[in-house]
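Got a structure for you, questions after.
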Amino acid sequence: MPRYAIVSVSHEVKYPDPIEVTTGDRLTLTGEVDIWDGHRWLWALAPDGKAGWIPDTLVVEKDNAPVACTDYSAQELPCAPGERLEILRSDHGWAWCRNATQVEGWVPQRNLTGQ
């Protein structure tokens, strides 16, 4: 059964060219770490050179190198108060949502009500 939430605080895209990785991609970790809403994020470089924050649970060691254990996109979804979004999944304080025009991306869970 679909889950929906209403946007209580607008969200603007902070990284217009987000990092995207595929399962098994080798990552370069810079050592920069951020704790956001109690969750640990790592600054990483993807094989295509794009950089961005990834959840720490995305990284596993393989052959002494960090690799992505699942597909991931840091695509954010801009939204405005009152907008109704379908929540497809949640991770590290963010919700992967779909809006009324079928566009998908991450929104901070703290910006949503009625989850």
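The values are calculated or read from the model by the stated rules, or taken from the named source; none is laboratory data. Computed from a predicted structure; not experimentally measured. Quick reminder, even Gly has a Cβ in these numbers, built from the backbone with ideal geometry, and neighbours come from all protein chains shown. Areas reflect the complete protein model, heavy atoms only, side chains present, ligands, DNA and RNA absent. Shrake-Rupley method; radii C 1.70, N 1.55, O 1.52, S 1.80 Å.
Can you tell me which residue in region 1-24 is least open to solvent (accessible area, probe 1.4 Å), limited to those that are outside any strand (DSSP E or B) and acidic (Asp, Glu)? First the steps, then the outcome.
Going through region 1-24, the residues outside any strand (DSSP E or B) turn out to be 1-2, 8-10, 12-19, 22-24.
From what is left, the residues that are acidic (Asp, Glu) are 12, 17.
On the way: Glu12: 121, Asp17: 95 Å².
So the residue we want is Asp17.
Please go through region 25-68 and give me each residue that is among the acidic types (Asp, Glu), exposed (fewer than 12 other Cβ atoms within 10 Å of the Cβ) and assigned to a loop (DSSP other than H, G, I, E, B), ordered by number.
Residues of region 25-68 that are among the acidic types (Asp, Glu), as a first pass: 25, 32, 34, 37, 48, 56, 61, 63.
Right, trim to exposed (fewer than 12 other Cβ atoms within 10 Å of the Cβ) and you get 32, 34, 37, 48, 61, 63.
Those that are among the acidic types (Asp, Glu), exposed (fewer than 12 other Cβ atoms within 10 Å of the Cβ) and assigned to a loop (DSSP other than H, G, I, E, B): Asp37, Asp48, Asp63.
Then there is this: When the residues of region 69-100 are narrowed to those that are assigned to a strand (DSSP E or B) and among the charged types (D, E, K, R), which ends up least open to solvent (accessible area, probe 1.4 Å)?
Just the residues of region 69-100 that are assigned to a strand (DSSP E or B), to begin with: 72-73, 76, 79, 84-91, 94-98.
Right, trim to among the charged types (D, E, K, R) and you get 76, 84, 86, 89, 91, 98.
On the way: Glu76: 12, Arg84: 139, Glu86: 37, Arg89: 113, Asp91: 56, Arg98: 62 Å².
Looking at the filtered set, the residue picked out is Glu76.
What number goes with the only condition from (1) open to solvent by 60 Å² or more (accessible area, probe 1.4 Å); (2) at pLDDT 95 or above; (3) in contact with a strand residue (DSSP E or B) (Cβ under 8 Å, 6 or more places away or on another chain) that Val103 does not pass?
Evaluating Val103 over (1) open to solvent by 60 Å² or more (accessible area, probe 1.4 Å); (2) at pLDDT 95 or above; (3) in contact with a strand residue (DSSP E or B) (Cβ under 8 Å, 6 or more places away or on another chain) leaves (3) as the failure.
Name the pairs whose Cβ atoms lie under 7 Å apart, with the first residue in region 15-27 and on the phi > 0 side of the Ramachandran plot, the second modelled with pLDDT of 95 or more and of a type outside the set (Val, Ile, Thr), and 6 or more positions between them or separate chains?
Qualifying pairs under 7 Å: Gly24/Ala68.
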